[in-house]
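Q: Okay, here's the structure, questions in a sec.
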Amino acid sequence: MAVNVAFVVQRYGPEVGGGAELHCRLVAEHMARYWDVTVLTTRALDYLSWRDTLPEGEQAVNGVRVLRFSVDEPRYMRWFNRVGERLRERPHSLEDERWWMRLQGPHSSALLRHLEASRLTYEAVIFFTYQYCHTFFGLPLVQDRALLVPTAHDDWVLRLAIFRELFRLPRALLYNTPEERDLLVSRFAVGDIRSEVVGVGVSAPAQADPEGFRARRGLDGPLITFVGRIDPDKGCGELFDFFLRYRDQAKEPPTLLLLGSAAMPVPEHPAIRWLGYVSEQEKFDALAASAVMVAPSPYESLSMASLESWLMETPVLVTTRSAVLRGQVHRSQGGLAYSSYDEFADSLDRLLGDRGEAREMGRRGRAYVVERYRWEEIERKYLALVQGLG
């Protein structure tokens, strides 16, 4: 008899490039081989406004059943940011925090009603990311069969008091990294809740075409590539500053290549190339063509871009402000870390100047990914955790 499992996430689909959203989609598509999977999500594409964009109702996405529900109201960022500033700077109540969560969105009464009415339909309900309405208001409705993939990092949101109870509710917690597990155990004393460091599987196209990518895009010289949302919270402001300073003194000036959507202005400079959202094949072609993949974000629960870069045997350069990124580089020996501009520049000199050492870092990174992030192992862990709910 088939096991019915729901995945609940704020946005969903191949046109959504976000970390938790992509993570959810990859897992849902792989686990659909074992379970009857239904994804419960909103009609939103834009994570800033949550405005309804995609059609309401049921559709199939890469063979997975998806139910989309309307969002009650869009998010008004100016008002939302003002409320967030008040929470950070002034004493406040639990009700103030709950109000902030409602403003955070995406709040979908229809999705919550479906969860409550259909709770017995699903043997397990897996929520992706802790800090949005679909999890905060939805998980308590099905807590006896809920699993949570927190995708948590150490920022001010995680310090809100409303999450103390939330993290005690799920039957199991699925962490991305040991660092994320240690953070949540220390913050919320959830060491007694069943858990597993699971992460996500990664795979690459059968073949990458680095030279074809360079020719198509008119690129030559060393490439330093950033993959993800271009956002101040992702460390991109500092990255632009450090890169332009470095380029002015580099022996062989590199190009900074940006792959992803932008939530901040991108400097207009001939050495900064923003390609926007690209296909999976184009992303891996770019990583294979790159000398370095840079990860400047202090807020990560897992760097999928690092894992994908290592599959292409490309070393990574990460900020030490993220314990997760530091841990991934330490365990893999697949790159370097920086805490200042001088360390950023010295690391790039080393990675760009000694190609033999850089290639060896890339090979070690690939071996680390192949050993720890095979889909067979990820699938085994999900199967065991859901089976353990019985």
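Q: Do you know which residues across segment 284-309 are among the charged types (D, E, K, R) and open to solvent by less than 20 Å² (accessible area, probe 1.4 Å)?
A: Asp285, Glu308, listed by residue number.
Q: Follow-up. Listed residues Ala60, Ala28, Ala20, Ala44; which is open to solvent by less than 60 Å² (accessible area, probe 1.4 Å) and free of Cβ contacts under 8 Å to residues at least 40 places away in the same chain?
A: From the options Ala60, Ala28, Ala20, Ala44, the qualifying one is Ala28.
Q: Another one. Might you let me know whether segment 255-266 holds any residue that is open to solvent by 10 Å² or more (accessible area, probe 1.4 Å), in a strand (DSSP E or B) and in contact with a Gly (Cβ under 7 Å, 6 or more places away or on another chain)?
A: Yes, segment 255-266 has at least one match.
Q: Also: Residue by residue through segment 188-228, note down the ones that are hydrophobic (A, V, I, L, M, F, W, C), in a strand (DSSP E or B) and open to solvent by less than 30 Å² (accessible area, probe 1.4 Å).
A: Leu223, Ile224, Phe226
Q: Here's something else I'd like to know. From (1) open to solvent by less than 60 Å² (accessible area, probe 1.4 Å); (2) closer than 30 Å to Ala358 by Cβ, pick out the condition that doesn't hold for Tyr175.
A: The single condition Tyr175 does not satisfy is (2).
Q: Using the structure shown, decide if Val294 is more than 25 Å from Phe128 (Cβ to Cβ) and not in a helix (DSSP H, G or I).
A: Spelling it out, Val294 is indeed more than 25 Å from Phe128 (Cβ to Cβ) and not in a helix (DSSP H, G or I).
Q: Given the options Ala208, Ala215, name the one that is out of contact with any Lys or Arg (no Cβ under 7 Å at 6 or more places or on another chain) and without any contact (Cβ under 8 Å) to a residue 12 or more places away in the chain.
A: Step by step, each of Ala208, Ala215 is checked, and only Ala215 is out of contact with any Lys or Arg (no Cβ under 7 Å at 6 or more places or on another chain) and without any contact (Cβ under 8 Å) to a residue 12 or more places away in the chain.
Q: Mind checking whether some residue in segment 310-324 is of a type in the set (Ser, Thr, Tyr), open to solvent by 20 Å² or more (accessible area, probe 1.4 Å) and at pLDDT 95 or above?
A: Yes, segment 310-324 has at least one match.
Q: Pairs only if they're at least six apart or on different chains, beta carbon under 9 angstrom, first in segment 64-77 and within 21 Å of Phe7 (Cβ to Cβ), second aliphatic (A, V, I, L, M) and assigned to a loop (DSSP other than H, G, I, E, B); list them, first residue then second.
A: So the pair list comes out as Val64/Ala32; Arg65/Ala32; Arg68/Leu54.
Q: Here's a check for you: in segment 146-159, which residue that is part of a helix (DSSP H, G or I) and open to solvent by less than 40 Å² (accessible area, probe 1.4 Å) is nearest to Arg75 (Cα to Cα)?
A: Among residues in segment 146-159 that are part of a helix (DSSP H, G or I) and open to solvent by less than 40 Å² (accessible area, probe 1.4 Å), the one nearest to Arg75 (Cα to Cα) is Val157.
Q: Please verify whether segment 224-238 includes one or more residues that are under 25 Å from Asp155 (Cβ atoms), touching a Cys at 6+ places or on another chain (Cβ under 6 Å) and of a type outside the set (S, T, N, Q).
A: For segment 224-238, residues under 25 Å from Asp155 (Cβ atoms), touching a Cys at 6+ places or on another chain (Cβ under 6 Å) and of a type outside the set (S, T, N, Q): present.
The values are calculated or read from the model by the stated rules, or taken from the named source; none is laboratory data. Quick caveat, the model's predicted, so the values are computed rather than measured. Heads up, the Cβs are rebuilt from the backbone with ideal geometry, glycines too, and the neighbour counts pull from every protein chain shown. Accessible surface is based on the protein model in full, side chains and every heavy atom, while ligands, DNA and RNA are left aside. Shrake-Rupley method; radii C 1.70, N 1.55, O 1.52, S 1.80 Å.
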